[in-house]
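S.K.: What follows is a structure written as C-alpha coordinates; I'll ask about it next.
The values are calculated or read from the model by the stated rules, or taken from the named source; none is laboratory data. None of these values were measured; they are calculated from a predicted model. Glycine also receives a Cβ, built like all others from the backbone with ideal geometry; neighbour counts cover every protein chain displayed.
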Amino acid sequence: MENQYEITKELREESVKFLNAYANYEKCLGNLENLEKNEFTEEEINDILNLLGSFRLKDVFHLVERFKVEVTLLKPNAVEPANNTTEQAG
(Lines give C-alpha, C1' and ligand atoms only; values in the text may rest on other atoms or scores of the structure.)
Protein backbone atom coordinates (compact mmCIF):
# COMPACT_ATOMS: atom_id res chain seq x y z
CA MET A 1 0.00 0.00 0.00
CA GLU A 2 1.30 3.44 -0.93
CA ASN A 3 1.91 6.00 1.82
CA GLN A 4 -0.33 9.06 1.98
CA TYR A 5 0.85 12.54 3.01
CA GLU A 6 -0.72 15.86 3.87
CA ILE A 7 0.71 19.12 2.57
CA THR A 8 -0.02 22.41 4.28
CA LYS A 9 -2.08 24.96 2.37
CA GLU A 10 0.76 27.47 2.62
CA LEU A 11 3.30 25.08 1.10
CA ARG A 12 0.90 24.23 -1.72
CA GLU A 13 0.28 27.91 -2.47
CA GLU A 14 3.98 28.77 -2.41
CA SER A 15 4.81 25.77 -4.62
CA VAL A 16 2.19 26.77 -7.19
CA LYS A 17 3.37 30.38 -7.06
CA PHE A 18 6.97 29.30 -7.66
CA LEU A 19 6.09 26.90 -10.48
CA ASN A 20 3.94 29.50 -12.24
CA ALA A 21 6.56 32.23 -11.94
CA TYR A 22 9.67 30.16 -12.65
CA ALA A 23 11.01 30.92 -16.15
CA ASN A 24 7.65 32.39 -17.25
CA TYR A 25 6.06 28.93 -17.21
CA GLU A 26 2.58 30.33 -16.51
CA LYS A 27 2.87 32.71 -19.48
CA CYS A 28 4.33 29.94 -21.62
CA LEU A 29 1.48 27.56 -20.84
CA GLY A 30 -1.05 30.34 -21.44
CA ASN A 31 0.44 30.95 -24.89
CA LEU A 32 0.25 27.26 -25.73
CA GLU A 33 -3.33 26.92 -24.50
CA ASN A 34 -4.50 29.96 -26.50
CA LEU A 35 -5.44 28.24 -29.75
CA GLU A 36 -6.14 31.58 -31.43
CA LYS A 37 -2.47 32.55 -31.08
CA ASN A 38 -0.76 31.51 -34.32
CA GLU A 39 2.50 33.44 -34.16
CA PHE A 40 5.18 33.23 -31.49
CA THR A 41 8.28 35.28 -30.87
CA GLU A 42 11.67 33.61 -30.69
CA GLU A 43 11.65 34.24 -26.94
CA GLU A 44 8.28 32.50 -26.57
CA ILE A 45 9.55 29.49 -28.55
CA ASN A 46 12.62 29.35 -26.31
CA ASP A 47 10.39 29.51 -23.21
CA ILE A 48 8.43 26.51 -24.52
CA LEU A 49 11.63 24.58 -25.17
CA ASN A 50 12.96 25.50 -21.72
CA LEU A 51 9.76 24.22 -20.14
CA LEU A 52 9.98 20.97 -22.10
CA GLY A 53 13.65 20.74 -21.12
CA SER A 54 12.71 20.55 -17.46
CA PHE A 55 11.34 17.03 -18.05
CA ARG A 56 13.20 13.80 -18.74
CA LEU A 57 14.52 13.80 -22.28
CA LYS A 58 13.02 10.40 -23.07
CA ASP A 59 9.57 11.80 -22.23
CA VAL A 60 9.80 14.96 -24.35
CA PHE A 61 12.28 14.06 -27.08
CA HIS A 62 9.53 13.42 -29.64
CA LEU A 63 8.09 16.91 -29.02
CA VAL A 64 11.42 18.72 -29.05
CA GLU A 65 12.37 17.03 -32.33
CA ARG A 66 9.11 18.22 -33.92
CA PHE A 67 10.16 21.84 -33.26
CA LYS A 68 12.87 21.37 -35.91
CA VAL A 69 10.23 20.62 -38.56
CA GLU A 70 6.98 22.20 -37.42
CA VAL A 71 8.23 25.65 -36.40
CA THR A 72 8.85 27.91 -39.36
CA LEU A 73 10.18 31.43 -39.57
CA LEU A 74 7.55 33.79 -40.89
CA LYS A 75 8.55 36.26 -43.57
CA PRO A 76 9.74 39.37 -41.72
CA ASN A 77 7.73 42.53 -42.29
CA ALA A 78 9.32 44.75 -44.91
CA VAL A 79 10.80 47.76 -43.16
CA GLU A 80 11.79 50.72 -45.24
CA PRO A 81 15.24 52.13 -44.50
CA ALA A 82 15.13 55.28 -42.36
CA ASN A 83 17.25 57.30 -44.78
CA ASN A 84 15.08 56.44 -47.80
CA THR A 85 13.54 59.88 -48.28
CA THR A 86 12.49 61.41 -51.51
CA GLU A 87 12.67 65.12 -52.00
CA GLN A 88 10.89 66.98 -54.72
CA ALA A 89 12.72 69.77 -56.51
CA GLY A 90 10.87 72.99 -56.12
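S.K.: Every residue in the stretch 8-30 that is at pLDDT 95 or above and either in contact with a Lys or Arg (Cβ under 6 Å, 6 or more places away or on another chain) or of a type in the set (Val, Ile, Thr) (or both), please. Full working, then the answer.
M.R.: Applying the first criterion (at pLDDT 95 or above) to the stretch 8-30 yields 8-14.
Passing the criteria: only 8.
S.K.: Looking only at the stretch 1-46, count how many residues are surrounded by fewer than 10 Cβ atoms within 10 Å (Cβ to Cβ) and among the small types (Gly, Ala, Ser).
M.R.: Residues flagged as surrounded by fewer than 10 Cβ atoms within 10 Å (Cβ to Cβ) and among the small types (Gly, Ala, Ser) within the stretch 1-46 amount to 0.
S.K.: Going through the stretch 7-24 one residue at a time, which ones are of a type in the set (Val, Ile, Thr) and under 24 Å from the mean Cα position of the chain (by Cα)? So that I can check it myself, show each step before the final result.
M.R.: Filtering the stretch 7-24 down to residues of a type in the set (Val, Ile, Thr) leaves 7-8, 16.
Within the stretch 7-24, 16 is the sole residue that qualifies.
S.K.: Select from the stretch 34-63 the residues that are within 13 Å of the chain's Cα centre (by Cα) and part of a helix (DSSP H, G or I) and list them in ascending order.
M.R.: 42, 43, 44, 45, 46, 47, 48, 49, 50, 51, 52
S.K.: Exactly one condition in (1) in contact with a Gly (Cβ under 9 Å, 6 or more places away or on another chain); (2) β-branched (Val, Ile, Thr); (3) at pLDDT below 95 is not met by residue 60; state its number.
M.R.: Just one mismatch for residue 60, condition (3).
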